[in-house]
Amino acid sequence: MNTLFPLTSFSPAPPAPAPAPHTAAQSSTSSPLATTKPGLELVCPAGSLPALKAAIDAGADSVYLGFRDATNARNFAGLNFDEVALKCGIAYAHTRGRKVFLALNTYPPASNVSLWLGAIHRAAACNVDALIMADPGLLGYSQKHYPALRRHLSVQASATNHEAINFYHAQFGISRVVLPRVLSLDQIALLAANTPVDLEVFGFGSLCVMVEGRCALSSYVTGSGPNSQGVCSPPHAVRWIETPQGRESRLGGVLIDRYTPDENAGYPTLCKGRFKVNEINSYYALEEPAGLNSLELLAHLAGAGVTAIKIEGRQRSPSYVAQVTEIWRRAIDLYLADQHKYHAQAPWMATLDKLTEGQRHTLGAYQRPWK
Amino acid sequence: MKLSLGPLLYYWPRKTVQAFYRAIEDAPVDIVYLGETVCARRHEIRFPDWLAIARRLQGAGKEVHLCTQTLIESASDIALLHKITDNNFYQVEANDMGAVHCMAGRKPFIAGAHLNIYNLPTLQWLASLGARRWVVPLEMGRDDLVQILRAKIPDLETEVFAFGRMPLAFSARCFTARHHGRTRDDCEFNCLEDPDGLTMETLEGERFLVLNGTQIQSASTCVLLDEVEYLKTLGVDVIRVSPQGTATLEILNIFSSVVHHSGNPETARNALLSHLEDAPCNGYWHGGPGLSQCQNKTLRQPDL
């Protein structure tokens, strides 16, 4: 059997430093949000220190990032931060009045919980502004050791209703939840009316078709998935093969798509391939290769009670992060200056479309017909 | 070790469902999980109907549980959730943390496979809130389960999904409706046509996944029949069979014979394989890709 279990290659957890006191006062003085307008925070991805700087320079209110291991959901080679880079990034952000959130949003497997617990101590020692977590064990542990360090509930926790969100709030004192990309605008408004927890939603980037945290498609095919290994359709399992029928993309040996010579071959993300169902020989049975762009819904999202907009893409380049951040910064500023005049300007949409997967965008579940 | 029948994951006509559970009254199964876990729009069997089925099964000596939906989004989803968790007759399998909220500290509950219980601290937390049983995540392999069971949490049972197409992913989108060119809100309930879901093949004809409304399942069937003895040694209390369009009774009989040593294991194995439309798989259990099939059963004793 072809066993793929990247966890075995991970270095052991570093010794946990003694818990450093992380008080609310510290948090608030170390990173005042001087440039943040009240009401709508722009949260941008940083897969590297250059990307972090690009996001900050382009107007991000906060950036989110992860350690260079399986503790976060973008565990790809060449991405993410060690402690030296993290400290540099936090200094860069805090000097400019912005915040840094650290994603610890995979589920620690029973055999290696210590790596994740160690990451909590390392993050707190670096003075991050919040931890983004999904696993209840981690939420409880970080609350116990660093009660004043903000806890955000990761999208990987699959919290789609107020009963779930308020439960995490009551149990672990979460101050924010990142909502799975399955809710319509009306459902988000219903949530906002029923929870004291801040709502963060995805505004732009790759679109998960499935409820985050409840998708085992990648691990089914490759042995590595988002929940435990922090990867989806991982590169090590991808093969491109030229055949007389066209170029094929395979994941773990499974044919995900086949392209004619005039088609651009995309990355074989499992849920965005072409398949056969009954009499339909080839179609995007789950989802087209398109990205989420909700810029035209910005006013509606804010009106529904959303307080933070997240840009997906820690795996993207600094220049991508800069371009996307800049446009969203301008859009949010326009909205905050005059809510009634806001509209998504055509040049913004054109630029964003060029940066979008498959050069096509969708409003995803925010718009009911997507479902 | 007890044998359970998981919730019906497909959408069948009302009479088919009622006949199915009538037959289950006499089947060699100890525990039956009931309710619609996949899609709130499915309405052939409504909440009072599930209660009626539950009463009959309980009368036939079964331990009966009601299950919550796995994806809870709308106001009506929440209303149904409250109906289920407020019922005073049957313990509930929570498939969303919102459901746990409704029962935590108030009544015992069963922590479903989709709560993402991957490690001991999380399991201990749920046990402290009133979980009396947990269902192991489908992705979890043997080695991690051994680690967790070493802790021997008192009064907490462990259940393993041992047979059926695995529910791998959930979405707000209905893939069956999409296949028929419709949206979920206007789905016309096409999933009634597919008692085992719609098989999705790769472009080279490999049967890969199953579209079951908003749920995606494996096309291969998870089969842990060969692991029953090992699961017993490990201290697993319950093994679960997931209902299929055909032969569910026969499959329960086969598992029962293996659990109770009342038949020849090789005969049982061959009989079970004859009921499979697709390949068997057990890859998750052995720590690899879920779709893979490891030929060797686990022989060594768990190091507990």
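Readers should treat all values here as calculations from the given coordinates under stated rules, not as data from a laboratory. Worth saying up front: this structure is predicted, and the values here are computed from it rather than measured. Here the Cβ is made from the backbone with ideal geometry for all residues, glycine too, and neighbour counts use every protein chain on show.
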Phi angles of the range B:224-238, converted by Karplus (6.51 cos²θ - 1.76 cosθ + 1.60, θ = phi - 60°) into ³J(HN,Hα) in whole Hz with x for Gly and Pro, give 10, 4, 5, 9, 4, 5, 5, 4, 4, 4, 6, x, 5, 8, 9
In the range A:45-181, taking the dipole from +1 charges on Lys and Arg beta carbons and -1 charges on Asp and Glu beta carbons about the Cα centre, the listed residue (A:Leu104, A:Ser154, A:Pro45) farthest towards the positive end is A:Pro45
Checking rank on A:214-220, B:224-230, with mean other Cβ inside 10 Å and highest first, the result is A:214-220, B:224-230
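Using 0.36 nm per residue, how much length does the chain from A:Ala193 to A:Arg368 gain when fully extended, once their Cα-Cα distance is taken away?
Fully extending the segment from A:Ala193 to A:Arg368 adds 61.0 nm.
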Measuring from its Cα centre, chain B shows a charge dipole (+1 at each Lys and Arg Cβ, -1 at each Asp and Glu Cβ) which, in debye to the nearest 20, is 700
Treating only Lys and Arg (+1) and Asp and Glu (-1) as charged, each at its beta carbon, one finds that chain A has a dipole about its Cα centre, in Debye to the nearest 20, of 420
The answer for B:Val210, listing residues at least 5 apart or on another chain whose modeled amide H is closer than 5 Å to its amide H, is B:Met200, B:Gln217, B:Ser218, B:Ala219
Farthest towards the positive end of the dipole of the range A:217-283, among A:Ile256, A:His236, A:Ser224 and with Cβ unit charges of +1 on Lys and Arg and -1 on Asp and Glu, lies the Cα of A:Ser224
As a percent rounded to 5, the proportion of antiparallel DSSP bridges among beta bridges in chain A is 35
For peptide A:256-263, the mean count of other chain Cβ atoms within 10 Å per residue Cβ is 1
Diffing the range B:267-279: the Karplus 3J(HN,Hα) column from phi (6.51, -1.76, 1.60, θ = phi - 60°), in whole Hz with x for Gly and Pro, holds 4, 4, 4, 5, 5, 5, 4, 5, 8, 8, 7, 10, 5
Note: probe point = Cα of A:Asp353 + 7 Å toward Cβ; backbone nitrogen < 19 Å; residues of the range A:205-231 passing the test are A:205-207
Using alpha carbon centers only, the range A:188-232 is separated from the range A:37-109 by a whole-angstrom value of 18
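Using a 10 Å cut-off on Cβ atoms, rank the peptides A:177-186, A:318-327 from the highest mean neighbour count down.
Ranking, from highest mean packing down: A:177-186, A:318-327.
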For B:Cys222, the residues 5 or more places away or on another chain with a placed amide H closer than 5 Å to its own amide H are B:Gly164, B:Arg165, B:Met166, B:Cys281
At R0 = 22 Å the Cβ-Cβ FRET efficiency linking B:Lys83 and B:Ala247, nearest 0.05, sits at 0.10
A chain fully extended from A:Gln345 to A:Glu83 at 0.36 nm per residue, minus the present Cα-Cα distance, gains in nm 90.4 nm
Computed from the beta carbon distance with a Förster radius of 30 Å, FRET efficiency for B:Asp237 and B:Glu25 to the nearest 0.05 stands at 0.85
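If you put +1 on each Lys and Arg Cβ and -1 on each Asp and Glu Cβ, how big is the dipole of the range A:217-283 around its Cα centre, in Debye rounded to 20?
Around 160 debye, computed over the range A:217-283.
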Going from the fewest other Cβ atoms within 10 Å to the most, one would list B:Trp125, A:Trp328, A:Trp240 as A:Trp240, B:Trp125, A:Trp328
Per-residue average of other protein chain Cβ atoms inside 10 Å, peptide B:184-197 -> 1
Quick calc, B:Asp185 & B:Glu266: beta-carbon distance into FRET formula, R0 56 Å, rounding 0.05, result 0.65
Averaged over the residues of B:73-85, the number of partner chain Cβ atoms within 10 Å of each residue's own Cβ comes to 3
With only helices counted (DSSP H, runs n ≥ 4, each -39500 (n - 2.57)), the per-residue ellipticity at 222 nm for chain B, to the nearest 500, works out to -9000 deg cm²/dmol
Filtered hits (aspartates and glutamates, Cα-Cα < 20 Å from A:Lys99, offset >= 8 within chain) -> A:Glu41, A:Asp57, A:Asp61, A:Asp82, A:Glu83, A:Asp129, A:Asp198, A:Glu200, A:Glu312, A:Glu326, A:Asp333
Output ordering of B:276-284, B:21-29 (per-residue mean of other Cβ within 10 Å, highest first) is B:276-284, B:21-29
For A:Ala148, other-chain or 5+-apart residues with amide H closer than 5 Å (H placed, Pro excluded) are A:His22
Calc'd 3J(HN,Hα), the range B:36-41, phi into Karplus 6.51 cos²θ - 1.76 cosθ + 1.60 (θ = phi - 60°), Hz, glycine/Pro = x, comes to 8, 9, 9, 9, 5, 7
For the protein assembly as shown, whose charge dipole is built from +1 on Lys and Arg Cβ atoms and -1 on Asp and Glu Cβ atoms, the candidate among A:Val84, B:His286, B:Met140 with its Cα farthest towards the positive end is A:Val84
Filtered hits (lysines, Cα-Cα < 24 Å from B:Lys2, offset >= 8 within chain) -> B:Lys62, B:Lys107, B:Lys152, B:Lys232, B:Lys297
